[in-house]
1. I want the local charge near E144. Using Cβ-Cβ distances under 15 Å, sum +1 for each Lys or Arg and -1 for each Asp or Glu among the other residues.
2. Taking 0.36 nm per intervening residue step and subtracting the Cα-Cα distance, what contour gain separates K97 from C274 on full extension?
3. Compute the acute angle (0 to 90°) between the alpha-carbon long axis of helix 143-160 and the principal axis of greatest extent of the alpha-carbon atoms of the chain; round to the nearest 10°.
4. Going by C-beta contacts inside 10 Å, put D228, D47, D114, D94 in order with the fewest on the left.
5. Sort R21, R224 by Cβ crowding within 10 Å, fewest neighbours at the top.
6. Pairs of Cα atoms under 8 Å, at least six residues apart: use those to get the relative contact order of the chain, whole percent.
7. If Lys and Arg each add +1 and Asp and Glu each add -1, what is the summed charge of the other residues whose beta carbon sits under 14 Å from the beta carbon of L83?
8. How large are Rg and Dmax for the chain when calculated on the C-alpha trace, in angstrom?
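Each reported figure results from applying straightforward, stated rules to the coordinates on display, with no laboratory input. This structure is a prediction, so every number in the text was calculated from the model and none was measured. A quick note on method: Cβ atoms are made from the backbone with ideal geometry, for glycine too, and the neighbour counts reach across all protein chains shown.
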Amino acid sequence: MIGKNYLATKKDLEAINEALRFVWHPKMKFVFQEKSKIANTAVISYDSKFIYIWTQKELKGIDKMQSGHPKYLFYKIPHALELKERWQYTWHADLWKNMEKFLPDQIKRENLFDIPRIGGGLLTPFVELQKKRGFKYNPYVTGESYLATIIHEFGHNYWNQHKLWWYSNKEKNIEYLTAAKNLYQKGGGNPNIPLHIPTKSEVGELFAFCTEYYASSIFWPTHRQALDIFGKYRLKELIREEKGKNLDKQDSVLEPSKNLHDFSLVFGKIIFECHPKKWPSFLTSPPYLGSHYGLGGPGGGDGRLGLHGWGGSPEGRHD
Ligand SMILES: [Zn+2]
């Protein structure tokens with residue numbers, strides 16, 4: 001029975017092994033070019049009594065079990081939480097806060113870059129509860145869509161591990177701080193340093209969208225079709241909505257903080273089609289601020305500040 005007393009079946013657990021086989025499929029190398037960035041991801045699911053964890057790193061102090069996947073260790077931990085519906089029909093590149101206290105120390109939130117997590121419901125409740133949501137053309141009501149969802153979360157983690165939205169490079173930070181300090185001291189001038197600004201975290205959603213869309217195009221054509229049908233329908237709605245808006249007073253339907261999934265439905269699709277070969281590098285390169293090219297190299301700008309967009313940096317230029 002689906003609901004707060006649900007217990008995992010063999011089929012539920014096997015579905016996660018299957019998703020992991022797709023994550024590591026040779027064709028996914030196109031997306032996950034640096035395997036080390038996803039190798040440590042802990043995959044976490046749960047039923048009414050247990051938390052299930054798949055990881056490639058051994059977790060200390062807990063008995064491991066057979067995962068059925070040659071690369072992964074499998075752990076089962078009891079919990080005392082009441083299972084919420086929302087927990088069962090969604091997946092996230094993180095885990096519910098209430099679950100934190102039951103987790104082993106190694107995969108607690110403070111280790112997010114060492115062992116990133118993805119978590120969500122089991123196959124059967126996921127599909128059944130998604131069906132119950134009853135929104136039109138919902139693509140997430142099949143077994144394929146479940147696998148696609150897990151690969152989508154791996155997309156989030158892969159992108160997150162690039163730390164593009166995070167001031168993670170101390171050397172660079174000191175360079176910027178020193179440059180600004182010197183400019184104040186000298187009263188101005190050109191510091192001649194390449195300027196990268198952090199990427200908006202919303203770009204991670206575009207990467208995850210493209211990951212899911214790419215994997216679906218190869219492995220799950222029916223899910224890809226369902227995404228396209230939903231996309232067509234949703235875009236028609238959004239266009240109608242946008243036409244009725246006064247953008248001086250209201251947010252556009254494209255505003256990512258309002259609806260991240262609509263944002264990725266639009267820009268994810270456009271980027272995927274415009275850059276079919278280079279989107280993985282394009283979306284994981286730091287955006288470059290300034291006129292870097294054709295104007296005499298770093299700092300050779302003429303004062304015009306222009307966001308060249310993702311991929312304006314040299315790393316993003318290989319096609
Ligand atoms: Zn997402």
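1. Summing Lys and Arg as +1 and Asp and Glu as -1 gives 0.
2. 59.9 nm
3. Once rounded, one gets 40 degrees.
4. So the residues, fewest neighbours to most, are D114, D228, D94, D47.
5. R21, R224
6. 15 percent
7. Spelling it out: positives minus negatives among the neighbours equals -1.
8. 21.9, 71
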